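Notes follow the structure.
The values are calculated or read from the model by the stated rules, or taken from the named source; none is laboratory data. Quick caveat, the model's predicted, so the values are computed rather than measured. Cβ placement follows ideal geometry from the backbone for every residue including glycine, while neighbour counts extend to all protein chains displayed. Please note that ligands, DNA and RNA were not included when accessible areas were found on the heavy atoms of the full protein model with its side chains. Shrake-Rupley method; radii C 1.70, N 1.55, O 1.52, S 1.80 Å.
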There are 2 protein chains.
Amino acid sequence: MVWSGSLASGAGAASDAPAMRWWGWGDPDRAPGLPAHALEFLRESTGIAAQPRPPVALGNVRLAPSELPAGARAELRALLGADGVRDGHAERVLHAAGKGYPDLVRLRAGEPRGAPDAVLYPAAPTQLQPLFELCARHSLAVVPFGGGTSVVGGVAPLRGEHAAALALDLRALAALVEVDHESRTATAQAGLRAPALERRLAAQGLTLGHFPQSYEYVSLGGCAATRSAGQASTGYGRFEELVLGLRMATPAGELAPRALPASAAGPDLRELLVGSEGTLGVIHELTLRVRAAPSRSHYEGVFFEDFVSGAAALRALAQEHLAPDVARLSDESETRMSLALAGAGGLKGRLGRAYVGARGYGLGCLAILGFEGAGREVGRRCAGALSLVRRHGGLPVGRSPGEAWRAQRFAAPYLRDELLTHGVMVETLETAATWSRLLELYGAVARAIAGSLEEQGTPGLVMCHVSHLYETGASLYFTFLARQREGEELAQWQAVKHAAGEAIVAHGGTITHHHAIGCAHLPWMEDEVGSTGLAALRALKARLDPAGIMNPGKLLPG
Amino acid sequence: MVWSGSLASGAGAASDAPAMRWWGWGDPDRAPGLPAHALEFLRESTGIAAQPRPPVALGNVRLAPSELPAGARAELRALLGADGVRDGHAERVLHAAGKGYPDLVRLRAGEPRGAPDAVLYPAAPTQLQPLFELCARHSLAVVPFGGGTSVVGGVAPLRGEHAAALALDLRALAALVEVDHESRTATAQAGLRAPALERRLAAQGLTLGHFPQSYEYVSLGGCAATRSAGQASTGYGRFEELVLGLRMATPAGELAPRALPASAAGPDLRELLVGSEGTLGVIHELTLRVRAAPSRSHYEGVFFEDFVSGAAALRALAQEHLAPDVARLSDESETRMSLALAGAGGLKGRLGRAYVGARGYGLGCLAILGFEGAGREVGRRCAGALSLVRRHGGLPVGRSPGEAWRAQRFAAPYLRDELLTHGVMVETLETAATWSRLLELYGAVARAIAGSLEEQGTPGLVMCHVSHLYETGASLYFTFLARQREGEELAQWQAVKHAAGEAIVAHGGTITHHHAIGCAHLPWMEDEVGSTGLAALRALKARLDPAGIMNPGKLLPG
């Protein structure tokens, strides 16, 4: 089967979902390439492959033949229409995996772990209930698919004991249903992508304010199903804090917690459905809190002498209610890497004038503090925060670093594709803990990652930033790079992931702050919720999805 | 059996829980009585009983004999000690009901609907699991009892199909386990009362900031189990927002969501346990977010021309991030009543100088806006809010009304006892909705209450205030008074409650914003969460409490 432009998006007719590289991240038309200085930096710091290793051609991706039984296929087509049930090669490849490191390693090699036996495109929420009935009857696993950006294996189809696995692509359920200006809420179908929502809200002077690194592709339903947090979530709130009401179709019926500002009517069902990762049902509609679009923004760079003093300043900002909307504090290693990759003409050059001359290149930690809102409010908040930061020894260096970061805020996944081409493993993982445990956790996880890489003979770079602030704690976002062990890429990754996960649970962190459980974090789910907690979640699943067809093998171990 | 001082508290040996009137609210030593002008106001507006109707003597309260089987009793004593299992008359009366209107009507008449067959006082959390095992084996219902302040029937023991019902009084589990200054968290056992926690936090410069009207008696566990909101929750957050981690003993084992600032590891178990009203297990420990104790506070009174313009101003405060910590907007009726009850020498007199002379007594709506925090911050926030309020037509009238409200902020339940003595029904109920539905909801519920009272030949006063602000909506807190239908008090109450509940669900409100479900709101629980939602909650209960011993008859209908 041949790759075609129209298949790049795998789009249902009604969709304006953007096209995505099947083998990596982002716009298929974006030209590849790393700047020479970045390549040189990698060669020196981690080593790179002798020859670039591009992905195989799409036609060479090996898939097992679809095992969807003909009878089930006919019923599915009767329900969803012929165009709503597709099993072409490209279509299946595009829905074979998310965008985690192991996914990309496998896809680039042409050997995904599996692929859906067909891809379904429902055109209306009313089709979901009969669809589940049909799938339960034929024992077909259903894997909800929004933007396809999971980095934890959340959308990779696992058939389990079932006859076949189907991807359920929600891109046609993308309507903006209602905007309630008085209540500051927007109701949208779950397949709507974040940028499409933001464009339509912006036209009405509003914003959702949810900007994960995957922003350009994520669907609203995916953000809800995975408890997404975005770069500005310190200010706008995590995605689950934006969800006022939702509608989820489950095999046992519809769950629809109403859009209420607050309630004391028992356990909060919203908080059960948010984060359920498609294992209980499919979220098909959301009522979200929105805000006035900011009329002004100010992103300030601040240097701290070290990570410890920077973290102390961020803690004070959060606890004295002066937190910015975006707060990122890079450790020494990440600061050094950012300056190196920015190159002489970029951030490094500009910062040279402002700072590096004063304290010496390579020392210190760079923070970005971003403020958004109404004009005067931004100025006042920024002044208050920078005053506190100075009292904590921070050195504001102006807007350049912040603007440089903003210009590249969604670029990292593209960079990852380039690194893979050059034989460099790059992976991220995140955790969170209370402030009193944060530095201990930071050290333990960084040592675990570095130790595992060294043990494997591929010493690497380990970097971290504080990415979200809370009054009681913060998140840590780790990035690590190392030369790939050719032919052993997955084992290499698995070893590091295991070491990091063990360190996280041993030192009081959560196994995931905003990437969800999927498959990648299954080994630590019991550490996270306890055996009785797992039993409770399983009982819930058994009641809502008695045939076990909803995204099997995810979230709940065993 | 004879009433004695030491039994007034029903206290376990280790407890410093305050004593409580068995027949009503609060300090048993407080002298009764209404000021003459308040009595006159009632006589004119609702009518009062010809003769005062005091409660019966404790000794005349009729209880069925305890049906706790001797074998179970012996096992319980072996587990908890002789002092941990009590079935004296006063002990049982004190645990027979909470403090809702129907509870008090029944208690004052000496005829509670039921009483626990014994009261248990566990001395350590480790006793809970064996206790549940014992109770399941003997088919004994377990009714957790914290401060005993439920107004929805949450602590009234319902035996259901079981052999007997036991109150589980947590007052001995009242330790402050740890204060983590760096993370701004406090870990305490669930039986600790809110004032005791605040005293101990204040000594360390901290506050929890949770002040429901029942503050003087509530336990922390009770606040968590019922999703309490306090008078300052607009600023400090609802109780569930203060719960970072908790430990709950269930018949199926311990559930202990860890104290994390945030996590994306699946559905949030904390949000399942919070609000579970003792039906899944007993919360025995909480890790709570705390804040720096305020060094300054400013409570300002603001008059608005009417409820509509006041609500619009509060909405703007919430949506422009200028909300005070305490925000209450009384409607015209509540404003009039507050001024009348305050009397000539009180608020009314002081306000006469500031306002009433200018606009005429009885017009307009009074709001209290309270700001707490560090010195400068309070001034800045207050100035910003009052500036916005003026733009919305509000007239700030200074601190008197706010200070008057603060002085009486926990007094209403005492007043209720006095009203009952004079044959006046007084009840409150609360709801919440998005801003775009709030005024519709307000009108519908007020009309429903007034209509039901009129239909019954007891026309009354119906009042309301907006009590908590959110960006997307607000809560409404209704109070109504009417002359009691003597001998028909419960039917009278039931009719009004039914009318109000039907109006709430028909007009987009939640059946409870901060009083929980208990028994009183069972008829509307399915409207609240849907039939599939109920099925999910029942599945969860069946897994965690397979013998159905935990607080049967509450939260989940049927």
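Would you work out which of B:S263, B:P195, B:G301 lies farthest towards the positive end of the dipole of the stretch B:170-318, given +1 charges on the beta-carbon of Lys and Arg and -1 on that of Asp and Glu, about the Cα centre? Positive-end residue among those listed: B:P195.
For the protein assembly as shown, build the charge dipole from Cβ charges (+1 Lys, Arg; -1 Asp, Glu) around the Cα centre, then report which of B:T226, A:A174, A:L439 sits farthest towards its positive end. In the protein assembly as shown, that residue is A:L439. Ligands, DNA and RNA excluded, the heavy atoms of A:C519 present near 30 Å² of accessible surface to a 1.4 Å solvent probe.
Counting only protein heavy atoms and a probe of 1.4 Å, the accessible surface of the stretch A:23-64 is 52% carbon and sulfur. Each label was represented as a point 7 Å from its Cα along the Cα-to-Cβ direction; for B:R391 and B:R113 these points are 5.0 nm apart. In nanometres and ascending order, the distances from the A:G443 label point to those of the other copies are 6.5 (point 7 Å from Cα along Cα→Cβ).
Residues in the stretch A:116-124 carry Karplus couplings, in order, of x, 6, 6, 10, 9, 10, x, 9, 8 Hz; the curve used is 6.51 cos²θ - 1.76 cosθ + 1.60 with θ = phi - 60°, and Gly or Pro positions show x.
Measuring nothing but how far apart in sequence close Cα pairs (under 8 Å, 6+ apart) lie, relative to its length, chain B scores a relative contact order of 16 percent. Taking a spot 7 Å from the Cα of A:A175 along the direction of its beta carbon, which residues of the stretch A:231-256 have an amide N less than 20 Å from it? Under 20 Å, as judged by backbone N against the label point of A:A175, lie A:244-250, A:254-256 of the stretch A:231-256.
Shortest first, B:N60 label-point distances to identical copies amount to 9.7 nm, with the label point at 7 Å from Cα along Cα→Cβ. Across the protein chains, with a 1.4 Å probe defining accessible surface, the residues A:H422, A:H138, B:H321, B:H95 rank B:H321, A:H138, A:H422, B:H95 from largest area downward. Taken residue by residue and averaged, Cβ atoms of other chains lying within 10 Å of the Cβ of A:273-280 number 3. With θ taken as phi - 60° and the Karplus curve 6.51 cos²θ - 1.76 cosθ + 1.60 applied, the whole-hertz 3J(HN,Hα) list for the stretch B:265-275 is 8, x, x, 8, 4, 3, 6, 7, 7, 5, x Hz, x standing for glycine and proline. How shielded is B:540-548 by partner chains, expressed as the average number of their Cβ atoms within 10 Å of its Cβ atoms? Going residue by residue through B:540-548 and averaging, the value is 3. A cut-off of 5 Å between modelled amide H atoms, ignoring neighbours fewer than 5 places along the same chain, links A:G373 with A:S295, A:R296.
Secondary-structure-derived ellipticity at 222 nm for the protein assembly as shown, considering helices only, amounts to -10500 deg cm²/dmol, per-run term -39500 (n - 2.57) for DSSP H runs with n ≥ 4.
Karplus couplings for the stretch A:167-183 from phi (6.51 cos²θ - 1.76 cosθ + 1.60, θ = phi - 60°), rounded to Hz, Gly and Pro as x? Going residue by residue, I get 7, 10, 8, 8, 5, 7, 8, 10, 7, 8, 7, 6, 10, 9, 5, 5, 8 Hz, with x marking Gly and Pro.
Relative to the Cα centre, the charge distribution of the stretch A:52-119, modelled as +1 at Lys and Arg Cβ and -1 at Asp and Glu Cβ, gives a dipole magnitude of about 320 debye.
For A:E241 and A:E133, FRET efficiency with R0 = 30 Å and r from the beta-carbon atoms, rounded to 0.05? Efficiency computed from Cβ-Cβ geometry: 0.30.
Structure note, pairs A:K554/B:K541; B:K497/B:K541; A:K541/B:K497: Cα-Cα distances above 32 angstrom occur for A:K541/B:K497. Taking every DSSP beta bridge that has both ends in chain B, the antiparallel portion is near 85%.
Distance between the modelled labels on A:A203 and B:R447, one decimal in nanometres: 3.7 nm (7 Å Cα→Cβ projection). The distance between label points at A:S309 and B:A57 comes to 7.6 nm (points 7 Å beyond Cα on the Cα→Cβ vector).
Farthest towards the positive end of the charge dipole of chain B, among the residues B:A542, B:M248, B:C464, is the Cα of B:C464, using unit charges on the Cβ of Lys, Arg, Asp and Glu. Rounded to the nearest 100, the interface formed by chains A and B buries 5700 square angstrom of accessible surface, both chains summed, with a 1.4 Å probe. Placing R0 at 22 angstrom, the Cβ-Cβ distance between B:E40 and B:A412 gives a FRET efficiency of 0.70 after rounding to 0.05. For B:A474, the residues 5 or more places off, or on other chains, whose built amide H falls under 5 Å of its own are B:A433, B:W435. Here the dipole of chain B is about 940 debye; that uses its Cα centre as origin and unit charges on the Cβ of Lys and Arg (positive) and Asp and Glu (negative). For the protein assembly as shown, the Cβ-based charge dipole about the Cα centre amounts to some 1780 debye (Lys, Arg positive; Asp, Glu negative; other atoms uncharged). A:A265: net charge of surrounding residues, Cβ under 11 Å, Lys/Arg +1, Asp/Glu -1, itself excluded? Result for the neighbourhood of A:A265: -3.
Accessible area ranking (1.4 Å probe, heavy atoms, ligands and nucleic acids excluded), largest first, for B:S330, B:S45: B:S45, B:S330. Net charge in the neighbourhood of A:G384 (other residues with Cβ under 13 Å of its Cβ; Lys, Arg +1, Asp, Glu -1) is +4.
Among the residues of the stretch A:521-537, those with an accessible-area drop of 50 Å² or more from chain alone to full protein complex, heavy atoms and 1.4 Å probe, are A:E528, A:T532, A:A536. Residues whose amide H comes within less than 5 Å of that of A:L206, counting only those at least five positions distant or on another chain, are A:A293 (H built at 1.01 Å from N in the peptide plane).
Summing +1 for each Lys or Arg and -1 for each Asp or Glu among the other residues whose beta-carbon sits under 15 angstrom from that of A:I504 gives -3.
Residue ranking by accessible heavy-atom surface, 1.4 Å probe, largest first, among A:R238, A:R200 comes out as A:R200, A:R238. Expressed as a whole percent, the accessible surface of the stretch B:359-508 that belongs to carbon and sulfur atoms is 53, based on a 1.4 Å probe. Note that the protein assembly as shown presents 33 Å² accessible area per residue, ligands and nucleic acids not counted, probe 1.4 Å.
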